[in-house]
């Protein structure tokens, strides 16, 4: 690694920036077929409550156009379309096997006319300016090489009056609670990944990546730097996860 190369983190490992996307793609390609099952087991189903809370705050309206980045197997897009009643959702993900798994789901067939599935990069979205009413990204922005660039792209592709909403793991404000959560995360989740998905290393990375992600206030300032106004956040489960919201005015 030369001194002129930009570096970033891949979990607790420092890697050249140009390597991270490929490594992330490898992680999610490896776990794609078991991703939804692992989400339920790891969170004891609470991820569904968090995603519903996201929809409650977002309050989708009929005929809105959603871009769900790092949308994987479609969880957010399906919820959005059900709440909106009618509209359109574009699910974008860096990892094609995740999108393939999403297309297999029953909801995807039922909503086929209202869905697009696109392989793409959050830092270089393949869409025109002012194309969407809503931009969501759930448990994905911490895997982006340069999250600020992803937020800048979100601002670009949203129409004036458009809404950004980010759901991501975050930090608990109480050190004792954070220590207990860390103990669970590092001692239970990677072995669980080995047992269920046959992949301990990918889940070790996912746990580490949570610890490297900015805290709530720091990320809020990044949302504001991208140009979003009326930016706020709400902790979920005391800060294990957090919702950030902003508007393109």
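Derivation of every value follows stated rules applied to the coordinates shown; laboratory data play no part. What you see is a predicted model, and the numbers here were worked out from it, not measured in a lab. No Cβ is skipped: glycine too gets one built from the backbone with ideal geometry, and neighbour counts run over all protein chains shown.
When N counts the residues of the chain, how does its alpha-carbon radius of gyration compare numerically with 2.2 N^0.38 Å, as a ratio? If you can, show how the numbers build up before the last one.
Numbers: Rg = 17.2 Å, N = 249, 2.2 N^0.38 = 17.9 Å.
Rounded to two decimals, the normalised Rg is 0.96.
Be a star and scan the stretch 159-181 for residues whose amide nitrogen sits under 15 Å from the point 7 Å along the Cα-to-Cβ vector of residue 118. Counting only backbone N, you get 159. In the chain, helical runs assigned H by DSSP with n ≥ 4 each contribute -39500 (n - 2.57); averaged across all residues and rounded to the nearest 500, the mean residue ellipticity at 222 nm is -14500 deg cm²/dmol. In terms of its alpha-carbon gyration tensor, the stretch 46-162 comes out rounded; the largest-to-smallest axis ratio a/c stays below the 1.5 threshold.
What percent does the relative contact order of the chain come to when contacts are Cα pairs within less than 8 Å and at least six residues apart?
Numbers: 444 pairs, mean separation 47.9, N = 249.
This gives 19 percent for the chain.
Here the Gaussian network model covers the chain, with springs between Cα atoms less than 10 Å apart; of 123, 44, 98, 44 fluctuates the most.
Counting DSSP beta bridges in the chain, what percent are antiparallel, to the nearest 5?
On the way: 18 of 39 bridges.
Percentage antiparallel, nearest 5: 45.
Most simply put, the stretch 1-143 has about 25% antiparallel DSSP beta bridges, counting only bridges with both residues inside it. For the chain, set up a Gaussian network in which alpha carbons nearer than 10 Å are linked by springs, and say which option among 210, 46, 76 fluctuates the most. Maximum fluctuation in the GNM of the chain, among the listed residues, is at 46. The modelled label-to-label distance for the pair residue 7/residue 174, using points 7 Å beyond Cα in the direction of Cβ, is 3.7 nm. Between residue 148 and residue 234, the FRET efficiency from the beta-carbon distance, with R0 = 22 Å, is close to 0.55. One decimal place: the segment residue 34-residue 52 gains 4.3 nm when fully extended, by the rule 0.36 nm per residue minus the C-alpha distance.
Multiplying the residue separation of residue 128 and residue 61 by 0.36 nm and removing their Cα-Cα distance gives an extension gain of 21.9 nm. Here the stretch 8-39 and the stretch 127-193 have alpha carbon centers that stand 14 Å from each other. Among 153, 107, 13, the largest mean-square fluctuation in a Gaussian network model of the chain, built with springs joining Cα atoms closer than 10 Å, belongs to 13.
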